[in-house]
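Report on the following structure.
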Amino acid sequence: MLPPSETKRDGGTDDRLDLSSLSFPKLKTRRADLVRAVRSLARDADASASALRLSPSLAAVEVARNRRLTLSPTMPVLDRYTGVVFDGLDAPSLPPAARSFAYEHVGVHSALFGPVLAGDRIPAYRLSHDSRVPSLAVPGAVLSLKKQWGTAVSASLAAHPGLLLDFRSEGYVALGPVDARPNSYFLRVFTVGPDGSRRALNHFNKKAKGELTRALVLAGISFDSVDDLLAWAGPAGFDLRLSGPAELALTV
């Protein structure tokens, strides 16, 4: 499960957003409510710029995207996002077998749609984990994304079978924690300093997450356990280790 990116590709096919087609279907009602709220907000460009923390240079494009959410072209999640994580993943160069594997095994946690799988089709949009969207149900109130997604996302991820590798940023983890889910591991990325000490990477951890994801989909192995994953990682060139009961450390 990857974090999303604020930057996204334009375009796609003429297929419009179909919430019924998205993975984790129990989230459909919450998705529909949030799409309506974001479209309503987009009617006011100034309010949108403030709520979404948009600079003047971005506001016109991003507000227009949100205004046309249900009318815009769609493309697979795997292709929609750009940015550092997705540069490392480099979806356009994936061979067909790896792309098919990614469609079934790679997820992205969208602030607007909740968790979606890489093959799900979505439009371009702008919404972040800390955006402040006015509530349609309670005038003057703010729709809390933590309340909107929290327990529902946690339940959906808990019900999803198999090993879950949680590559999300902490802001997105807060929109759907998986602390109580067995067979789930949160990834932290470290580097080694000149003195041999390890330190956590901040922004630059994203590239490492993308590169590890790419290696996983190219390998095409559906790991049953973290032990199987770790046995693969070393020979594949990754210094990946358990660092806690539900935590992995990747050193780059």
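Return only the number of the condition from (1) touching a residue at least 60 places away in the same chain (Cβ under 8 Å); (2) open to solvent by 30 Å² or more (accessible area, probe 1.4 Å); (3) not β-branched (Val, Ile, Thr) that residue 39 does not satisfy.
(1) is the only condition that residue 39 fails.
Can you tell me which residues in the range 83-110 are among the β-branched types (Val, Ile, Thr) and closer than 17 Å to residue 205 by Cβ?
84, 85, 108 - these are the residues of the range 83-110 that are among the β-branched types (Val, Ile, Thr) and closer than 17 Å to residue 205 by Cβ.
If a residue must be open to solvent by 50 Å² or more (accessible area, probe 1.4 Å) and in contact with a Leu (Cβ under 7 Å, 6 or more places away or on another chain), how many such residues does the range 10-28 contain?
Looking only at that region, the number is 2.
Is it the case that the range 43-59 has a residue that's assigned to a loop (DSSP other than H, G, I, E, B) and crowded, with 22+ Cβ neighbours inside 10 Å?
Yes, because at least one residue in the range 43-59 is assigned to a loop (DSSP other than H, G, I, E, B) and crowded, with 22+ Cβ neighbours inside 10 Å.
Being touching a helix residue (DSSP H, G or I) at 6+ places or on another chain (Cβ under 9 Å), without any contact (Cβ under 8 Å) to a residue 40 or more places away in the chain and not aliphatic (A, V, I, L, M) narrows it down to one of 56, 123, so name that one.
So the residue among 56, 123 that is touching a helix residue (DSSP H, G or I) at 6+ places or on another chain (Cβ under 9 Å), without any contact (Cβ under 8 Å) to a residue 40 or more places away in the chain and not aliphatic (A, V, I, L, M) is 56.
With among the small types (Gly, Ala, Ser), at pLDDT below 95 and not in a loop (DSSP other than H, G, I, E, B) as the only criterion, which of 140, 150 stands out?
Numbers: 140 fails: not in a loop (DSSP other than H, G, I, E, B).
Going through 140, 150 in turn, just one is among the small types (Gly, Ala, Ser), at pLDDT below 95 and not in a loop (DSSP other than H, G, I, E, B): 150.
Which number in (1) at pLDDT 95 or above; (2) within 14 Å of the chain's Cα centre (by Cα) marks the one condition that residue 170 misses?
(1)
Could you list, in sequence order, the residues of the range 156-212 that are β-branched (Val, Ile, Thr), open to solvent by less than 40 Å² (accessible area, probe 1.4 Å) and either in contact (Cβ under 8 Å) with a residue 24 or more places away in the chain or part of a loop (DSSP other than H, G, I, E, B) (or both)?
178, 189, 191
Counting only residues that are part of a helix (DSSP H, G or I) and over 12 Å from the mean Cα position of the chain (by Cα), how many does the range 76-90 have?
The qualifying residues number 5.
Kindly provide the set of residues from the range 213-229 that are touching a Phe, Trp or Tyr at 6+ places or on another chain (Cβ under 9 Å), surrounded by 15 or more Cβ atoms within 10 Å (Cβ to Cβ) and part of a helix (DSSP H, G or I), ordered by number. Walk me through how you get there before you give the answer.
First, the residues of the range 213-229 that are touching a Phe, Trp or Tyr at 6+ places or on another chain (Cβ under 9 Å): 213, 215-223, 226, 229.
Of the ones still in play, those that are also surrounded by 15 or more Cβ atoms within 10 Å (Cβ to Cβ) are 213, 215-218, 223, 226, 229.
The answer is 213, 215, 216, 217, 218, 226, 229.
For residue 214, state whether it is of a type in the set (Lys, Arg) and modelled with pLDDT of 95 or more.
In short, yes.
Would you confirm whether or not the range 92-103 contains a residue that is assigned to a loop (DSSP other than H, G, I, E, B), closer than 22 Å to residue 168 by Cβ, open to solvent by 10 Å² or more (accessible area, probe 1.4 Å) and modelled with pLDDT under 95?
no
The values are calculated or read from the model by the stated rules, or taken from the named source; none is laboratory data. In this text, all values refer to a predicted model and were calculated from it rather than measured experimentally. Here the Cβ is made from the backbone with ideal geometry for all residues, glycine too, and neighbour counts use every protein chain on show. Heavy atoms of the whole protein, side chains included, go into the accessibility calculation; ligands, DNA and RNA do not. Shrake-Rupley method; radii C 1.70, N 1.55, O 1.52, S 1.80 Å.
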